[in-house]
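Single-structure report; data block below.
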Amino acid sequence: MSASLKIILDTRRLKKKKGTYPVKLLVTLNSEPKRYQTVYDLSQEEFSMVTDRKARNISEKLKEIRTNLKLIERNAEDKARLLQPFTYEEFEKDFILNNPFFHQRKSIKANLVPVTYEFNIAEYENRFPIFKLPPPEYGTILATFLYYIKKLLSEHRIRTAANYQTTYTTISRFRGNVRFTEIDVAFLKQLEAWMMDQEYSKTTVGIYTRCLRTMFNEAIFQGIINRDKCYPFGRRKYQPPTSRNIKKALTLEDVGKIYYYEPVCLEERKAKDFWLFSYFANGINPTDIAHLKYKNIDGEYITFERAKTENSTRSAPKPITVFISEDMQQIIDFWSTKDKRPGNYIFPVLQHDITPLRQVELIELFVQALNDWMRKIRKKLGIEKAVTTYVARHTFSTIMKRSGVSTEFIQESLGHTSIKTTENYLNSFEKTVKKEYSQKLVAFKKGAAESVQSHEQ
């Protein structure tokens, strides 16, 4: 059921000194009325003149009030129509709060005070120096960033919180701590140009401006700003730039070089083994490797949920199932912990009873060590492309695609919630295919036919 809206004169509230009554917006839903006081007070005669379209000899002041009251009523109807279902709380947050045509009741503001996230900030101060800054004024960009970072940390999304801190640090270097009303389309375009001058990549600019867009949405949710008045994002406004990284997967020949390489020390073997484990296990990333427990092993298969998806989505994440090949089993046998109780980690990367922050630090050290030693192995093998844990994941997806596997199956194997993410992974493969197809167009040249046929074989 939709709400009805009407501008009224509240004759219950006489202001004796002026002989006027407050003009209010009456909203009724399911026979439950609520009245929102505008900034206008009128006498009964003045209100009759304002609401009577045929009224003559009306003053300029009353004409202006008439125009504004019509505008209030029309905009309120539009806002109420968009709210499905309509609730007073959402209507107050989206239309009444911070609207200059209405008196701001304390009760409305009190209902929209954001949740306070309680945790030991001192534990995070070294990694998040933003907490050491002087307390910011409510309603500024920094205040909203601080609130949102605390929210992420309370959800143990530490690396995401770090991204938002980096975003704020960059924006503050550009123009300091500003109010949302100061950030318009021109500001965002200038910010983008400044970051490009500072040699930020287009991808990084897109990430940072999308983080800033999230802060605007958070400020709207908290009632700090009104979307209709100062939201600078969207069509015909500012849109964060997008770009596709050219991800460089290894060839099967390069993978073979790594597979048959004989390590000269334990560190090299560890790097090689975990790189191959990632490659064989559906491109599993190091965070998920570190979180694997013996309870994830079910006979010949490992079944797990991506830590990233589990922490960032409310919907139930889809489990990923990986067949344990002979090569994977050998890696597990060599590097696994000996206590195989279901709740124990398979690999000794993480420890029980440590903080989420310490978990992130241990995984970062794990990844850094693997990538450093794989860089040395790559140089020894003469592989030109980077050989990081991320490349192992991309190499799995690209080689699967080359083998004729559907994009949907690769999406499920990688644990992507969106097929667009998977398509982005496969972008460099598609470019290679286009190059190969273009060579077929000149197969009529002498020697070209044999070259194409040889390549196809």
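Only the coordinates and a few stated rules stand behind these numbers; no lab work does. The structure displayed is predicted, hence computed values, not measured ones. Glycine also receives a Cβ, built like all others from the backbone with ideal geometry; neighbour counts cover every protein chain displayed.
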Square roots of five times the Cα gyration tensor eigenvalues for region 177-284, Å: 46, 16, 13
Per the 1/(1 + (r/R0)^6) rule, R0 = 60 Å and r from the Cβ atoms of Q368 and R56, FRET efficiency to 0.05 is 0.15
Using only the Cα atoms of region 4-111, what do you get for the radius of gyration and for Dmax, in Å? 14.4, 44
What ranking do H291, H156, H103, H352 get, fewest neighbouring Cβ atoms within 10 angstrom at the top? H352, H103, H156, H291
Take each of the peptides 58-64, 338-344, average the number of other beta-carbon atoms within 10 Å over its residues, and list them starting from the highest. 58-64, 338-344
Surpassing 20 Å at the alpha-carbon level, of the pairs K248/K376; K295/K401; K272/K385; K295/K340; K18/K54, are K295/K401; K18/K54
For K6 and R175 in one chain, what is 0.36 nm times their gap in residues minus the Cα-Cα distance, to one decimal in nm? 56.5 nm
For region 1-60, just the Cα set please: Rg and Dmax, both in angstrom. 13.2, 41
Report, largest value first, the span of the C-alpha coordinates of region 121-230 along each principal axis, in whole Å. 38, 34, 24
Hits among aspartates and glutamates - C-alpha to C-alpha of K63 under 17 Å, sequence gap 8 or more where chains match: D41, E45, E46, D52, E73
Could you tell me the distance between the Cα centroids of region 374-390 and region 179-230, to the nearest Å? 38 Å
